Structures are given as structure tokens and as C-alpha cells.
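The next block holds one structure in the form of C-alpha cells; read it before the comments.
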Amino acid sequence: MLWPRLARALVRPPLTDPAPAVSADVVQALAERLDATAQARLGRSLAIRQVDAGSCNGCELEINALNNVVYDLERFGLRFVASPRHADVLLVTGPLTRNMREALLRTRACTPDPCFVVAVGDCAVDGGVFKGSYAVEGGIAAALPVDLVIPGCPPTPTQLLEGLLALLDAQATAKTR
Amino acid sequence: MTAFDLIRRGAPQDCRPWTRFLLTRPQWGALAEALAADPAPELMALWAEPAMIHAAFRSPAEGGLLLASCPAADGRFPALSPARPGAVRFERMLHDLWGHVAEGAVDLRPWLDHGRWPATAPLSTRPGAPPFPVPQPEFLPVEGEGVHQIPVGPVHAGIIEPGHFRFHVQGEAVARLEARLGYLHKGHIGLMLGKPARAAARFAARLSGDTTIAHAWAFAMAVERALGVAPPPRAVALRAVMCELERLHNHLNDWGFVCNDAAFAYPHARCGALREGVLRACQAGFGHRLMMDRIVPGGVTDDLAPGGAEAILAVIAVVQAELPALLRIYDSHASLQDRVVGTGIVAPDLVARFAAGGHVGRASGRGFDAREAIPYPPYDAWPPEVPLLETGDVDARVRVRIAEIGESIRLVRTLLADLPAGELAVPLPQRAGEGVGLVEGFRGDCLHWVMLDEGGVVRAVFPRDPSWLQWPLLEAAIEGNIVADFPLCNKSFNCSYSGVDL
Ligand code: SF4
């Protein structure tokens, strides 16, 4: 049952979308923040650890979609890892609830340097609709320095991909400087 | 006297469409005793205001809900948890948010309050000082030879929501699992209070992002019923189209993930591709992949975009065409079947005691589906066929969802073929009212209760995600299974963390 389908898939065109374009400004800004040692260690691939710091799960749905065959994140050298100890990037969502603050800080403490912190979604940028609640800190920057924000509610997989590719390009730019 | 007769002796309050009866405290105490004697009435929700406790019940024999209230000006009320195990987490939540103490409760350990908010009982009229130092969580003890603990979370290995799971394990087998949630508490109820209904709807839509449609609809329905207005027929049909598409994309996603958790990648890849197609059709039809904020009290914000219906019909045809082949693959691989059949069984009597809805209930013999049992437009005209299984294992939950994918496809086609013309929304009158909305989302029944004051502003509200009554059953499902099967069990439930953390 499965084998004929797999065989047919070999001769079909791929389902995967072409890569999105990346904003030169963002790449430049990120490259400036990367020093030579950082890029030497990171190379042109990034291991990503996702942390939900209070999201409604909408952002997680779209981050998960990056792994499907249509976006196929791994073709860019980007992959999600299970442990922060293996990660170069923390992809953080949610308005940062007070109940998640310690867990986020501990996750960051487990992540080796250099480490990019990317705030994903309007909530992660500044608390979004949850701004002002007694239970949230109002964005990831309240606990950690943020290198890149990807706004949206939730950002689409294409927007997420643009942001992550900018990180990769920033490394390449830093290398040639 | 039956529990329902006792409730009806209370003072009737004008809540629509189901009257709420205000009991005295002794009457509520008698109700708790009557419930202990009669297992039939189901506890659907338990929530509060600063000086009042509310509960929603359902009698399978009568259809519809019955609401009861108990005054709690001094912050105390007789507990329901000795009679209804589903009340346990609600009572812990009532204590954490409003400071109400359930007298005689089975369990009063903190739930949402981890000791990190600026005040305790943040929704009460007398918030207290937070504890110092931050208290350590307490877990129920397990005794026996060689029992050890495995703590997992709140940050998990996958891209999922945060929560802590404490396993007590003997050898390979799980002796007890206890979940500790609350990490996602964002203060939803506090944020909705004092806002006009339209503004509060944005929070209902973000209670649980994967169920944004069903929750936004249930909230809108509660507001519309409170104000005595009906959304126009076109809005009703569009809401149902969105809700069925939401069911479709989530069921596809979770089916794929269950296979993936059994290390069988092909269905995961295919389901992911099909689901992506559905989300793109949603974007084409409704301008947002998850269709967030499209449902508002009074109707919907946008009409179906030109070409949207064609995009949706095209994608559901693709899904429908591939379903039989996917199902054959799911059925015919012993390595996969070995993992899902007989794993994570939930007994029918347990599901009945907790009144668990959705695929968790329907895989274990509880056939409740709000679309069919307490129909609301447009399902009164187009009732779905509700799949029902008894085995209660991971496989049964998956099969219920596969059957529902087919039903959703059929419903979307029917609805789009006969889309009524006309307005998209009605204006909301500015007046006071109280209402309940009940909508079947992909996880189960979403129940929203709202009370508006004269200015049309939210005075009290409670959004109840179906997962409140499903989470406790996950702890029962994993008992005696091996730790390695936990991801499978968890994904077959796919309870919402954000939805219950409020
Ligand atoms: S940005 Fe939007 S989708 Fe993402 S967590 Fe916040 S409310 Fe949910």
C-alpha cells in the first residue's frame, strides 16, 4: 500500500514552496550584532529551540507548519531541536506569563552562547492583547534581550521563514565582512 | 427529590436560553448530596463571581442545560467535588482566582496560582499578598517498591504548550501521572471584564488559538442570547463553514502527529500537506489562515472572499480523495497498529462521570456532540452524524476523528451549496442580559457564559474549554502503560493547555 505511493512520489514535482525573499535591512542589522566568533561557531545552519512563554497556541500551530513538506524548514539548514543545550536560537512565543518567567530564564541559561532570542507573535513583542494583565510581563524583552521580532497574530509560516532566513543571511554577511 | 428538582426550587434568574436558579447555601448543600446519590446529572462547568458560585449541569434525559448558583459572600460554599470528580480542578481554580473555599473539597492545592502573581485571588474584591518564598508544588504521593519519579516540563521537547507532568513509575509502567498546569495563565477573565462585548470577543478568540473559531462563536452566541438578538442566516452559515474547516485542519494535524509519535512518518507528512492546503483555502476564503477574529458578537466581520468557496471546495475534494488511501495505510501497518490499539484506554464509566466531551467522550461511549444533542443553527437543519466507539484507546480516538473529517467535508459542501444571501451582522443593542453559548469545537463542547450590564459591558464571564473535563482522564489513560506511550496518549487527547489555564 505504502510502497507504490512512495515510488510515485519520487517522480512527482516536490510539494515544497520556493524560499521567500529576505529584507536586506533586517539582515544588515542582525549581521552587525553577530561578531566573528559567533559566526565561526554557528556556520550556516541553526538549531532552534522553541519556547512557549504564554502563547494561545496559535503561534505554535504556525511554527509547527514550518516542519511540513510545503515549507520544509530543514532544507535551509534550520531545524528544531529537543534540548536548549543543542540550540543556537530560542524562538519564544507568548506575552511571557509570570508563571513561565523562571522556566524561560532557565531555558536560556541552558542554551550555549552565542544565542539568538527571537520573539514570535504580537504577544511576544509587547504582550499584544494581553498587555496590562496582572498575569503577564508584557513581552519576551521583559526577561531576555531580544535579537529579532517577528510580529503577527500569528505570523504566517512564510513570515516566520523570512525572519529565520534573515538570521542565516546575517551569519553569511558577518563572515564576508 | 432529584438534583434537578432541587435546583428548580431556587429563585429563577433571567439567563438565556437556560434559566439560572439562585439557591440558598443549604439548598446548594442538599444539591451536593443529591448529586452524590444520583450519578446521572452531568457537571458541565463550575465558575464564580466575587460573591457567587455558578454551575452548569446537563441531564442526558432532558437535553439542554440547567444552571444553579450559590451565594458565597464570605468566600465559602459546599464543595461539589465529593459528588463529581470533574469539579476538583474547577474548585482549585475558584480558590486561586476568586479566593472561594469549597468546604469539604477533595483537593484544595493551588492550581493556576503558582505564587508568582502580584496578588493572590486577583479577581476577588480583596486580593491578598503573594506568598514568599514562592511555594514548591506538592504532588500526590505514591508508595511501593522501586517507585521513582520522572519530572517532565514545563518546557517540552517538541513544539507544544508548556505544562509539567510528574510521572511515578515502577519499572516501565506508569503508576501515577499528575499534571500541573497553569503556566499559561494570562488573566483572560480579568481582561474581558469591563470591556464591551465586541472588544471582549478578541480574548475569547485567543483562549486557545487552535479553537479560535469555536470559542469566538460560543462567546458570540452567549452575548447574542443575552441581548435577545439573532445573527443573520448568512453569518450563521459562514460561522459553521469556518468551524468545520477548523475541525478538519485540527483533526488532520493530530492524526498525522499520532502516527509521528509512533515513529511512522508517512501519514504525518501527508496530513501536514493536506492541512496546509486547508489553511491556505481558509486564507483565500476568510483572509486569515486560522480565521481569527472573523466571528464577532452579532455576526461575522467579512463575507466569503471572491473565489473563496471554490478554493475551499477544491481543497476538501483533495482531502476526501486521499482519505481512503491514508486510512488503508493506517490500518495495514502492524507496527503502527501495535502502538495505538489497546494503548491509553479510558473506561466508559470514567468518561461518563467526568462528562468528557469531544473525541475523548465519543471514543469511550459518551455520544454527546453539542451540534446534535443541543442543536443550534445551522446544525438544527443539518445535523451531523456522530461517530461513537466504546474501546476508548488511542486508536478509537483517532478513528472518531477520521470519521469526523468525513462529516466536516460533507457539512462544508452542504453549507456552501446553500449559502443564504443577506446581511453579515446585526447591531448589538445596549442593554443588560445574561446568556450561555455552547458550540462543538474540534476538541469538544465550548461553553461560554456572559453577563452584560446596562451599558453592554461585560460584568461577569466564564469561558469553559472542553479540556477541563478531559485532562483528568489523560491521567487515568496512561496508568499501567509504559512511559514511552505517553506522547501517543497525550496527542490522541490533544487537550488544550492555554484553554484551561485561562
Ligand atoms: S500573537 Fe496571536 S496567535 Fe500568537 S500567541 Fe499571541 S494571541 Fe496567540
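Taking Cα atoms of segment B:273-335, Rg/Rh with Kirkwood Rh, to two decimals? Don't jump to the answer; show the numbers that get you there.
On the way: Rg = 15.4 Å, Rh = 13.3 Å.
Checking Rg against Rh, the ratio lands at 1.16.
Name the residues of segment A:109-133 whose accessible area falls by at least 20 Å² when all protein chains are present instead of the chain alone, probe 1.4 Å?
In segment A:109-133, residues shielded by partner chains: A:Val129, A:Phe130, A:Ser133.
Once the Cα atoms of segment B:428-502 are picked out, what are the Rg and Dmax in Å?
Radius of gyration, then largest Cα-Cα span, for segment B:428-502: 17.4, 56 Å.
Counting only protein heavy atoms and rolling a 1.4 Å probe, how much accessible area do B and A lose on contact, total for both sides, in Å² to 100?
Working: alone 18450 and 9510 Å², together 23890 Å².
Buried surface at the B/A interface: approximately 4100 Å².
Could you tell me the extents of chain A's C-alpha atoms along the three principal axes, largest first, rounded to whole Å?
Computed over the Cα atoms, the extents are 56, 43, 29 Å.
Run the accessible area of the protein assembly as shown with a 1.4 Å probe and give the carbon-and-sulfur part as a rounded percent. If you can, show how the numbers build up before the last one.
Numbers: 13300 of 23890 Å².
Roughly 56 percent of what the probe reaches on the protein assembly as shown is carbon or sulfur.
For segment B:3-103, what is the percent of antiparallel DSSP beta bridges, rounded to the nearest 5?
Details: 17 of 23 bridges.
In segment B:3-103, DSSP labels about 75 percent of beta bridges as antiparallel.
Taking Rh as the Kirkwood radius, which is the inverse of the mean 1/r over Cα pairs, what is the Rg/Rh value for segment B:199-466? Before the final figure, lay out each step's value.
Details: Rg = 18.7 Å, Rh = 19.0 Å.
Checking Rg against Rh, the ratio lands at 0.98.
In nm, to one decimal, how far is the B:Leu140 label point from the B:Met1 one, both placed 7 Å along Cα→Cβ?
Output for this residue pair reads 3.3 nm.
In a Debye calculation with equal point scatterers on the alpha-carbon sites of chain B and no solvent, what is log10 I(q)/I(0) at q = 0.12, 0.13 Å⁻¹?
-1.12, -1.32
Please compute the average number of Cβ atoms from other chains found within 10 Å of each residue's Cβ in peptide A:150-160.
On the way: counts 0, 0, 0, 8, 5, 0, 6, 3, 0, 0, 0.
That average works out to 2.
Using r as the Cβ-Cβ distance of B:Ser59 and B:Gln170, and R0 as 35 Å, what FRET efficiency do you calculate, to the nearest 0.05?
Numbers: r = 41 Å, r/R0 = 1.16.
With R0 = 35 Å, the Cβ-Cβ based efficiency is 0.30.
According to the Kirkwood expression over distinct Cα-Cα pairs, how big is the hydrodynamic radius of segment B:121-186, in Å? Let's see the in-between values first.
Numbers: mean 1/r = 0.0695 Å⁻¹.
When all Cα pairs of segment B:121-186 are included, the Kirkwood radius is 14.4 Å.
With charges set only on the Cβ (+1 for Lys and Arg, -1 for Asp and Glu), what does the dipole of the protein assembly as shown come to about its Cα centre, in debye to the nearest 20?
Numbers: 63 positive and 73 negative charges, 140 e Å.
In debye, rounded to 20, the protein assembly as shown gives about 680.
Using a 1.4 angstrom probe on the protein heavy atoms only, line up B:Glu103, B:Glu244 by accessible area, largest first.
Solvent-accessible surface, decreasing: B:Glu103, B:Glu244.
Two decimals, Cα atoms only, Kirkwood Rh: what is Rg/Rh over segment B:71-122?
Numbers: Rg = 10.8 Å, Rh = 11.1 Å.
When Rh is taken as the Kirkwood radius, the ratio is 0.97.
Where only protein heavy atoms count, and the probe is 1.4 Å, what is the accessible area per residue for segment B:215-293 in Å²?
Numbers: 1470 Å² over 79 residues.
Normalised by residue count, the accessible surface of segment B:215-293 is 19 Å².
In chain A, with Lys and Arg counted as +1 and Asp and Glu as -1 at Cβ, which of these residues, A:Leu96, A:Ser83, A:Cys153, has the Cα nearest the positive end of the dipole, that is, farthest along it?
So the residue we want is A:Ser83.
Do any residues of segment B:205-252 lose at least 20 Å² of accessible area when the full set of protein chains is present rather than just their chain alone, and if so which, with a 1.4 Å probe?
Going by heavy-atom accessible area, the residues of segment B:205-252 that drop by at least 20 Å² are B:Arg206, B:Gly209, B:Asp210.
Taking amide H positions as placed 1.01 Å from N in the peptide plane, with prolines and chain starts having none, which residues 5 or more places from B:Glu49, or on another chain, fall under 5 Å of its amide H?
B:His54
State, to one decimal in nm², a quarter of the convex hull surface area for the C-alpha atoms of the protein assembly as shown, i.e. the direction-averaged projected area.
Values: hull surface 118.9 nm².
Result: a mean projected hull area of 29.7 nm².
Test of the criteria: in segment B:162-232, which GluC sites (Glu not before Pro) are in a DSSP loop and have at most 11 other Cβ atoms within 10 angstrom of their Cβ?
Numbers: sites: B:Glu172, B:Glu178, B:Glu224; in loops: B:Glu172.
For GluC sites (Glu not before Pro) across segment B:162-232 that sit outside H, G, I, E and B with at most 11 neighbouring Cβ atoms in 10 Å, the list reads B:Glu172.
Are there residues in segment B:168-184 whose accessible area shrinks by at least 30 Å² when all protein chains are included rather than the chain by itself, and which are they (probe 1.4 Å, ligands and nucleic acids not counted)?
B:Tyr183, B:Leu184
Is there a quick way to get the dipole size of segment B:383-474? I mean about its Cα centre, with the Cβ of Lys and Arg at +1 and of Asp and Glu at -1; what is the value in debye to the nearest 20?
Details: 9 positive and 14 negative charges, 32 e Å.
The dipole magnitude comes to about 160 debye.
Keeping all protein chains in place, calculate the accessible area per residue for segment B:3-103 (probe 1.4 angstrom), answer in Å².
Details: 3340 Å² over 101 residues.
Accessible surface, normalised per residue, equals 33 Å².
Where does each of B:70-81, B:377-388 land if you order them by average Cβ count within 10 Å, highest first? If you can, show how the numbers build up before the last one.
Numbers: B:70-81: 19.6, B:377-388: 16.1.
Order by mean packing, descending: B:70-81, B:377-388.
Compute the projected area of the convex hull of the Cα atoms of segment B:1-134, averaged over all viewing directions, and report it in nm² to one decimal place.
Spelled out: convex hull of the Cα atoms, projected over all directions, averaged, 8.1 nm².
The values are calculated or read from the model by the stated rules, or taken from the named source; none is laboratory data. Bear in mind that the values here come from a model prediction, so they are computed numbers and not experimental data. Note that we place each Cβ from the backbone using ideal geometry, even for glycine, and neighbour counts take in every protein chain shown. Side chains are part of the model used for accessible areas, which takes the heavy atoms of the whole protein and leaves out ligands, DNA and RNA. Shrake-Rupley method; radii C 1.70, N 1.55, O 1.52, S 1.80 Å.
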